[in-house]
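This report concerns only the one structure given below.
The values are calculated or read from the model by the stated rules, or taken from the named source; none is laboratory data. In this text the structure is predicted, and so the values were computed from the model without any measurement. As a convention, Cβ positions derive from the backbone with ideal geometry for all residues, glycine included, and neighbour counts pool all protein chains shown. Side chains are part of the model used for accessible areas, which takes the heavy atoms of the whole protein and leaves out ligands, DNA and RNA. Shrake-Rupley method; radii C 1.70, N 1.55, O 1.52, S 1.80 Å.
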Amino acid sequence: MTTPTTRRPLRVAVIGAGPAGIYAADMITKTEAVREGELEVSVDLFDRYPTPFGLIRYGVAPDHPRIKGIITALRSILGRGDIRFFGNVEYGKDITLGEFLTHYDAVIFATGAVNDAPLDIPGADLDGSYGAARFVAWYDGHPDYPRTWPLEAKEIAVIGNGNVALDVARVLSKHAEDMLVTEIPENVYEGLKKSPVTDVHIFGRRGPAQIKFTPLELRELAKSRDVDIVVYDEDFQFDEASEQAMVENNQTKVMMKTLQKWREDDTPKTASRRLHLHFLQTPDEILGDENGKVRAIRMERTRLNGDASVTGTGEYTEYPVQAVYHAIGYLGSPLPELPFDPERGVILNEEGRVVDADGAPIPGVYATGWIKRGPVGLIGATKSDALETVNHLIEDHASLADPDRPEPEAVVELLEEKGVPFTTWEGWLALDEHEQSLGQASQDAEGNPRERVKVVEREHMVSVSRGETGNSAE
């Protein structure tokens, strides 16, 4: 079935320039109707940050160059020149839904999920109890977070058995000078350098065969200099589901091989820092001292039920720690003028079509990525998610209301009239070059120039991107 030719390009705005938004924007330009010349499209990508790439820039640990290689693919999409980028533009503040629909036929929301899912146990609000997402934002140089972080604990608990928990634990346990080969900002290096940490404990409520790490993330733990990996024999318990996973799931096989290798390693533990992996333990309470600061965490031993689920045993262990980081998932935030499910942290939608409280589609409004489906799945899921949403948009396009000001220059005029200091793709290239020059002027622990030093302050990013200065100090 072919799509009728429109009298003008179909104008689409995508809100969020992380992987979900960029993949959606890319797929719009590659639909069958566009390829066959039956439909012309014009796509603009907006982000509240001055830079593109979203959580790849602000949610991936800086010592993960392989994972950050995703930026290379995303950069090639935006570098083609057929998708405009508007950075430093915040939806609901700088431009409203009504204003978007005045300039575009359709709007796709790809704002992701950046907040921590809550840890619902006593003591979670004590001084020294932190959501992992906030710590990640700090060490990734997020412009909207404080420049300092309270790294005062010698013993730390990290709750969670996913990749974010491993990232947090690895960064906390790693020596600061070993992070200088990455793009970490100077303030992050200075903060990590002062950390007195000796022991980091990672706790997972299920068994070792149920961990949600990836093999790459797990193996990277052993690459940290002067950090010993400690595992415990009593945690290596398996039920029928565990045995099945170790036979049928290649990823589980690889990770169990790594864990067993560490378990059998009888080399003396002489490092100045230790990273402990605990399984079959669930948090019961964070305990505080007389000043309201974290002094310990009480964990309950769990047992496997045969189907990979667990039940508490009533056996408790208290671990002396002075900080607790919980990495138990992300949660999306509500957006102005859009229906929202606070339990799931998603915009109300049916397969990417945003719907109202009664389930009726809201014409011209769509969602993709974590704000559509919740914070689960990796890049593959993000691509299939975007494809589903884009296909529905293309199906609907003939019935969408015509915007009053669809000409491409109209939205530029709107932002300029409002005094919004927006950034562009060319501006990102200038900032990218600037960050690399900062790296060349700095040195890693071995005296070699660094590849890049990330700029943190929003004003600095905007000024460099807009060509207002190239040398302002942070």
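A few notes on this one:
- Our analysis of region 256-404 gives Rg over Rh at 1.16, with the two radii drawn from alpha carbon positions and Rh computed by the Kirkwood formula.
- On the basis of the beta-carbon distance and an R0 of 51 Å, ASN291 and GLU32 show a calculated FRET efficiency of 0.20.
- Environment charge at VAL390 (Cβ cut-off 14 Å; Lys +1, Arg +1, Asp -1, Glu -1): -3
- Of all lysines in the structure, the ones whose alpha carbon falls short of 20 Å from that of LYS257, not counting any fewer than 8 places away in one chain, are LYS212, LYS223.
- Size of electric dipole in region 157-222: Cβ of Lys, Arg +1 and of Asp, Glu -1, about Cα centre, debye, nearest 20: 420 debye
- Judged by the mean number of other Cβ atoms found within 10 Å, the most tightly packed of the peptides 125-138, 279-292, 436-449 leads the ranking 125-138, 279-292, 436-449.
- Between region 407-461 and region 174-243, the Cα center-to-center distance that results, in Å: 32 Å
- Ordering 331-340, 151-160, 409-418 by mean Cβ neighbour count within 10 Å, with the highest value first, yields 151-160, 331-340, 409-418.
- Using the Cβ of GLY288 as centre and a radius below 12 Å, the other residues enclosed give a net charge of -2, where K and R count +1 and D and E count -1.
- Charged neighbours of GLU426, selected by a Cβ distance under 14 Å, balance to +1 (K, R count +1; D, E count -1).
- Of the Cα atoms belonging to the chain, the radius of gyration and Dmax stand at 24.0, 74 Å.
- Annotation: per residue accessible area for region 20-137 equals 35 Å², rounded to a whole number [probe 1.4 Å, protein chains only].
- For the chain, with +1 on Lys and Arg beta carbons and -1 on Asp and Glu, the positive-most of THR29, PHE53, THR423 along the dipole: PHE53
- Within the accessible surface of region 118-328, defined with a 1.4 Å probe on protein heavy atoms only, the carbon and sulfur portion equals 46 percent.
- Entry comment: accessible area of region 226-340 is 52 Å² per residue, from protein heavy atoms only and a probe of 1.4 Å.
- Modelled FRET efficiency - R0 60 Å, ALA398 with TRP262, Cβ distances, 0.05 increments: 0.50
- The angle separating the long axis of helix 408-417 from the principal Cα axis of greatest extent in the chain is about 70 degrees.
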